[in-house]
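Right, one structure below, let's go through it.
The values are calculated or read from the model by the stated rules, or taken from the named source; none is laboratory data. For clarity, every value in this text was computed on a predicted model and none was experimentally measured. Please note: Cβ atoms are built from the backbone with ideal geometry, for glycine as well, and neighbour counts cover all protein chains shown. For the accessible areas, the whole protein counts, side chains as well, though only heavy atoms, and no ligand, DNA or RNA atoms are used. Shrake-Rupley method; radii C 1.70, N 1.55, O 1.52, S 1.80 Å.
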Amino acid sequence: MKKYGVNELRKMFLDYFEENGHLRLNSFSLVPQNDKSLLLINSGMAPLKPYFTGAEIPPRNRVTTCQKCIRTGDIENVGKTARHGTFFEMLGNFSFGDYFKEEAIGFTWEFLTEKVGIDKDRLYPSVFEDDDEAFEIWNKKIGIPAERISRFGRADNFWEHGEGACGPCSEVYYDRGEKYGCGKPDCKVGCDCDRYMEIWNDVFSQFYNDGKGNYTELEKKNIDTGMGLERLACVCQDVDSMFDVDTMKSLRDHVCSLSGKSYGNDYQTDVSLRVVTDHIRSVTFMVSDGIMPENSGRGYVLRRLLRRASRHGRLLGIQGAFLTELAKTVIEGSKDGYPELEEKKDFILKNIAKEEEQFNKTIDQGLAILAKMEDEMKAAGETVLSGDNAFKLYDTFGFPIDLTEEILAEKNMSYDVEGFEKAKKAAKDLSSGTYKGAEKMAGRDRNVYDDLPLDLETAFVGYTNSKCDAVITALTTETTVVDALTSGQNGTVVTDVTALYGTMGGQVGDKGVITTKDGEFVVTETIHLTGKKIGHVGYVKSGMLKVGDAASVKVDEESHAATCKNHSATHLLQKALKTVLGNHVEQKGSYVSPDRLRFDFSHFEALTKEQIEEAEAIVNREIAKGLPVVTDEMAIADAKKTGAMALFGEKYGESVRVVSMGKSDKAEIEEAFADAFSVELCGGTHVSNTSSIQQIKILSESGVAAGVRRIEALTGTGVIKYYAELEAKLVEAAKLLKTTPNEVVAKITNLQKELKETSSELESLKAKAAKDSLGNVMDAVIETNGIKILVTAVAGVDMNGLRDLGDSLKDKLSDGVVVLLSDKDGKVNIVAMATDSAVKAGAHAGNLIKAVAPIVGGNGGGRPNMAQAGGKDASKIDAAVAAGIEAAKAQLG
C-alpha cells in the first residue's frame, strides 16, 4: 500500500465519488447555518441536515464533501493521549433517496481496496445485530467470510438522535497489526486497544423514530457516510496517531523547532506538543471562518483554545508570540484542500496575533500569582482555591476560569466554583452601578460605538442612488468592536459609503442588505453614530463579513418608497393645516416610517370634523395635481429668500437642502419658490412627484401637550389596506346583523330603538319587582323624636334599583331616614338616605353607612343626605339591619 499524504487522500476520495455521479461540494463553514442546535459544525452530515430532513432540496441526490469539523466536548483530554483532538476532517458520500446499502457498501469496498490499495484481509466490517441485509451484502456480494463480520448492538451500530430519521450502520475496521494491540489472546474487533481502528462508517437512514420508540420504514432511504481523513492517513502511512501523519507531523515538528524539544522522550512534553499542534489548527480554521475571540459562544471556544495553546507553549519554553508562525504552517499544509486559508492569510494572522498579544500582557504575571496562591494553599494544607482568588485571576489577568481549573487539576487541586460565581456577580453589579453613573454625567449611556475610531466617516449617496459599492470600515457585535461577523450574529456594519438613510429628523432609517463575496448582512435599521459615521444594524444571514471587504449596499426599495411617501405627505399636511387653521401652525415634531406618519403641530384647540376633512381634501388635491418635488442645495441665506419653513430650534449649517413641491422654472429664487405649494428645509428623502403618494387618510387628531396637537395618517397602499380592512369588518358586521353592508346603518338604528324600548320595559319590571319584594314595608317603620326610621333588607336588587326604591320610600316618609340592604349575585348593596328635616334633626346618611357596611365586610360613605356602600358577606345582613336601626336611633336621640 502506498503511503499517501493527507492532501492526496482527500483529492482521491472526492475524485472517486465525483466519477461515480456525486456532486462535489466545498467544505461548509464551521459556523452552522440556520441551526441553533450546534455551536460549531462537528460532523460531515451536520451542514446537510436540511437535505436529510426535507427542509431543503439538495442540489443533487448524490453529494460528496470533505468537511472541516471541530469537537470540544473533551478538550481537557486533548494532549493527554494521542487519540484526542479538536479539529479533524470528515470525508463523506451522501445519498438523498438515491442508492442504498448495496451500492454504498460497494463504494466503500472499492475505494478502500482498489483506489487506496488497503489489504483486503486486514479489513473487518461490522453490522447492526438485526441487519441481515447488510450482513448478506458483505458476505455474499463482497465476499467477506462470515467469521470476519461482527454484529454489534444498538449502542455501537444504530444511529439515532431522538425523533427523526434513523437506522443501522455498518463500520469498517482496519487491523493495524499486533504492534498496536494489547497482546490478549481474545483481542478482536471491538477491543479497547489501538489494534483495530474504525476508518469508515455507513449509516443507513431507513426508519423514522416518532420519539416514543415506534419505528416506521422511510419511503425514501438515505445514506450518510463518514470517514476521518486523519484516520485514513494513519492507516496508509502506518503511523501511531494523527499527530504523526504528514501534515500534522510537519506542524508538530515546527512546534518542536520553536521550543527546542523532541517528541516521544517525555510524557509531559508530548502533552504540550500535542495541545499546541492540535489547537493551532482549530484556531486557524475558526478565524478563517470569521469566528472572533469573545467571552461567550463560539468566540469563547476560540479564545479558550488559543490561550490554552499559548500557555502550553510557555510550558515548552517558547518565549514571546509564536502562534502566527505556526498558523502559517497550518495554512501551507492545508491550502490545497482549503484555498480560502491562503486568501484570508493576512486576516487570520492579524487576529491571532492580536489575541495572543492581549493574553501575553498578563499571562506571565498571572501564572506567577497562581503559583504563589498554590504555595499558600499547600502551606495551609488546602486543595481548593478560594472563589475570590479564582476571580482575581479571571478579572485582573484575563485567565479563562477553565485554564485556572486545568492548571490546578494538574496538581490535584480545584477551585471554589460557587465562590467564583458569587464574586463575579458582585463585581458585575458594582461595575454596572459605577459605570452607568459616569455615563449619566456625560448625559447619555455609553455603548459599543464609543469604541469605534473617531476619524471614520460615511458618505450618504441615498438621495440619488438605491444601491452603491462600498468598503466595510468597522464591525461590532452588540457589545464589542470586532474584525469579522459570521452567520447568525447580530451586529452593526459601518461602511465608507451608503445608500441607506439613517434615522434622523423624525424619519426612520432604511432597511436593506449588504453583500460581500463571502457573506450577506440583513440591515434591519440604519442609524447615525457619533461623528459622521452611519451604522447598519442587523444580522449576518449567511457567510462572513470582514473589515476591509468590498461590499454592495442596497436599500429595501419597497420600504424606502413607502417612507418617502409618508415624509412628503407631512410637508403637504403642514401647508394644508396652515391654510385651514392659520399661520400660527408650526411643526413640533414628526415620525415617518413605511407604515404611517405622525405630525405634531402648534394649535390651541381640538380640530373640528370639518377642519380635518378640509385639510385632508387639500392634501389629496395637491397629490392629484402631480406636483414635481424638487430638492435644491443652497446657502442658508438664499434658502431664507425662498420662504422655506424651518423647524423651530433646529440648527442648520451654512448649506441646506430646500424641498419644494410645485416650484416654477422662473429664474429669480423668490419668484420660482413663490409658485410652490410647499417649501421646507429638510434633510430627509422624498418622492419625485406628489402623485406617487397616491392619497392620504387622516386617522386621528388628538392633544399631546398644552398647545400641541397630533395628527396620525396613512398614505399610498396603507390607505388601500386600511379601507380593505374596514370593508372586511363591515361585511362581517352585516353577516352578524343578517343584512347587507348597505343596510347596516338602518339595521343598527332599528336595533337601538328596540333596545331602548326593551330597556325601558325592563327597568319598569325591575322597579315593580323590587317594590313587590318589599311587601308591606311600612310596617317596619319606627319613630324617634318625630323622625321616622326605616331600616330593612330586600332580596335581589342591584344598586340602581336600590337607589330608586330609596327615593320612593323617602318620599312616602316625608320626614325620615331610609337604610336598604340587598343581596345580589353574592354581593351586598347598601343605600342610606335622609330627608332635609331628618338631617337637621341629626341624621347623617354617610355615618350610617360607616356603622352598617363593616358588618357585611364592606366599606363606604357619603353625604349627610345620601350614601352607599358594598359588602361581601350576605349572611350578616340581618345583623347589619339591627345595627342600622340602633345607629339611626342614636343619631336622632
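A few points about this structure:
- In the stretch 109-161, residue surrounded by the most Cβ atoms within 10 Å (Cβ to Cβ) [restricted to those that are within 27 Å of Asn209 (Cα to Cα) and of a type in the set (Ser, Thr, Tyr)]: Ser126
- When restricted to residues that are touching a strand residue (DSSP E or B) at 6+ places or on another chain (Cβ under 7 Å) and either free of Cβ contacts under 8 Å to residues at least 40 places away in the same chain or not β-branched (Val, Ile, Thr) (or both), the stretch 532-569 contains 24.
- Some residue of the stretch 185-205 being among the aromatic types (Phe, Trp, Tyr), within 22 Å of Thr53 (Cβ to Cβ), within 38 Å of the chain's Cα centre (by Cα) and open to solvent by 50 Å² or more (accessible area, probe 1.4 Å): no
- Residue match in the stretch 235-243 (condition: within 19 Å of Lys68 (Cβ to Cβ), assigned to a helix (DSSP H, G or I), open to solvent by 10 Å² or more (accessible area, probe 1.4 Å) and touching a helix residue (DSSP H, G or I) at 6+ places or on another chain (Cβ under 6 Å)): yes
- Filter result (farther than 14 Å from Asn201 by Cα, of a type outside the set (D, E, K, R) and out of contact with any Gly (no Cβ under 9 Å at 6 or more places or on another chain)) within the stretch 107-137: Thr113, Val116, Gly117, Ile118, Phe135
- Verdict on Leu597 being in contact (Cβ under 8 Å) with a residue 40 or more places away in the chain, under 30 Å from Ile720 (Cα atoms) and open to solvent by less than 60 Å² (accessible area, probe 1.4 Å): yes
- Just one of (1) outside any loop (DSSP other than H, G, I, E, B); (2) closer than 27 Å to Asn7 by Cα; (3) in contact with a helix residue (DSSP H, G or I) (Cβ under 8 Å, 6 or more places away or on another chain) fails for Gly264. It is (1).
- Some residue of the stretch 716-730 being surrounded by 11 or more Cβ atoms within 10 Å (Cβ to Cβ), over 30 Å from Asp510 (Cα atoms) and out of contact with any strand residue (DSSP E or B) (no Cβ under 9 Å at 6 or more places or on another chain): yes
- Among the residues of the stretch 514-531, those that are in contact (Cβ under 8 Å) with a residue 24 or more places away in the chain and assigned to a strand (DSSP E or B) comprise Ile514, Thr515, Gly519, Phe521, Val523, Thr526, Ile527, His528.
- Where strands (runs of 3 or more DSSP E) fall entirely within the stretch 602-692, those with at least 2 residues that are closer than 23 Å to Glu557 by Cα are at 629-635, 655-661.
- Any hit, the stretch 371-388, residues being under 16 Å from Ala309 (Cα atoms), touching a residue at least 12 places away in the same chain (Cβ under 8 Å) and either in contact with a Lys or Arg (Cβ under 6 Å, 6 or more places away or on another chain) or surrounded by fewer than 19 Cβ atoms within 10 Å (Cβ to Cβ) (or both): no
- Being touching a Pro at 6+ places or on another chain (Cβ under 8 Å) and open to solvent by less than 60 Å² (accessible area, probe 1.4 Å) is not true of Asn620.
- Scope the stretch 168-184; condition open to solvent by less than 10 Å² (accessible area, probe 1.4 Å) and in contact with a Leu (Cβ under 8 Å, 6 or more places away or on another chain); matching residues: Val172
- For Ala615, the conditions (1) farther than 12 Å from His571 by Cβ; (2) open to solvent by less than 30 Å² (accessible area, probe 1.4 Å); (3) modelled with pLDDT under 95 are fulfilled apart from (3).
- Any hit, the stretch 91-103, residues being under 25 Å from His22 (Cβ atoms), buried (at least 18 other Cβ atoms within 10 Å of the Cβ), touching a residue at least 12 places away in the same chain (Cβ under 8 Å) and touching a Cys at 6+ places or on another chain (Cβ under 6 Å): yes
- Given (1) touching a Phe, Trp or Tyr at 6+ places or on another chain (Cβ under 9 Å); (2) touching a residue at least 40 places away in the same chain (Cβ under 8 Å); (3) farther than 20 Å from Arg314 by Cβ; (4) assigned to a helix (DSSP H, G or I), number of the condition Leu367 does not satisfy: (3)
- Annotation: of all residues in the stretch 454-471 being outside any strand (DSSP E or B) and open to solvent by 80 Å² or more (accessible area, probe 1.4 Å), the one that is modelled with the lowest pLDDT is Leu454.
Each row is one residue, and each column tells you yes or no for (1) in a loop (DSSP other than H, G, I, E, B); (2) acidic (Asp, Glu); (3) within 38 Å of the chain's Cα centre (by Cα).
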residue: Met1; (1), (2), (3): yes, no, no
residue: Glu8; (1), (2), (3): no, yes, no
residue: Met12; (1), (2), (3): no, no, no
residue: Ser29; (1), (2), (3): yes, no, yes
residue: Asp35; (1), (2), (3): yes, yes, yes
residue: Leu39; (1), (2), (3): yes, no, yes
residue: Gly44; (1), (2), (3): yes, no, yes
residue: Pro50; (1), (2), (3): no, no, yes
residue: Ala55; (1), (2), (3): yes, no, yes
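- Hits in the stretch 674-711 (condition: surrounded by 14 or more Cβ atoms within 10 Å (Cβ to Cβ), among the β-branched types (Val, Ile, Thr) and under 36 Å from the mean Cα position of the chain (by Cα)): Thr685, Val687, Ile693, Ile696, Ile698, Ile711
- The stretch 24-47, residues that are open to solvent by less than 40 Å² (accessible area, probe 1.4 Å) and either farther than 24 Å from Lys344 by Cα or without any contact (Cβ under 8 Å) to a residue 12 or more places away in the chain (or both): Asp35, Leu38, Met45, Ala46
- In the set (1) assigned to a helix (DSSP H, G or I); (2) surrounded by fewer than 24 Cβ atoms within 10 Å (Cβ to Cβ); (3) of a type in the set (A, V, I, L, M), the condition left unmet by Leu573 is number (2).
- Residues (touching a helix residue (DSSP H, G or I) at 6+ places or on another chain (Cβ under 6 Å), over 14 Å from Pro168 (Cα atoms) and assigned to a strand (DSSP E or B)) located in the stretch 116-149: Tyr124
- Residue that is nearest to Glu557 (Cα to Cα) [pool: residues in the stretch 429-453 that are in a loop (DSSP other than H, G, I, E, B) and at pLDDT below 85]: Asn447
- When residues of the stretch 338-358 are limited to those that are assigned to a loop (DSSP other than H, G, I, E, B) and open to solvent by less than 30 Å² (accessible area, probe 1.4 Å), the one modelled with the lowest pLDDT: Lys344
- Evaluating Lys141 against the criteria (1) more than 20 Å from Val235 (Cα to Cα); (2) modelled with pLDDT under 90 leaves one unmet condition, (2).
- For the stretch 307-325, filtered to residues that are open to solvent by less than 20 Å² (accessible area, probe 1.4 Å) and part of a loop (DSSP other than H, G, I, E, B), the residue that is nearest to Glu76 (Cα to Cα) is Leu316.
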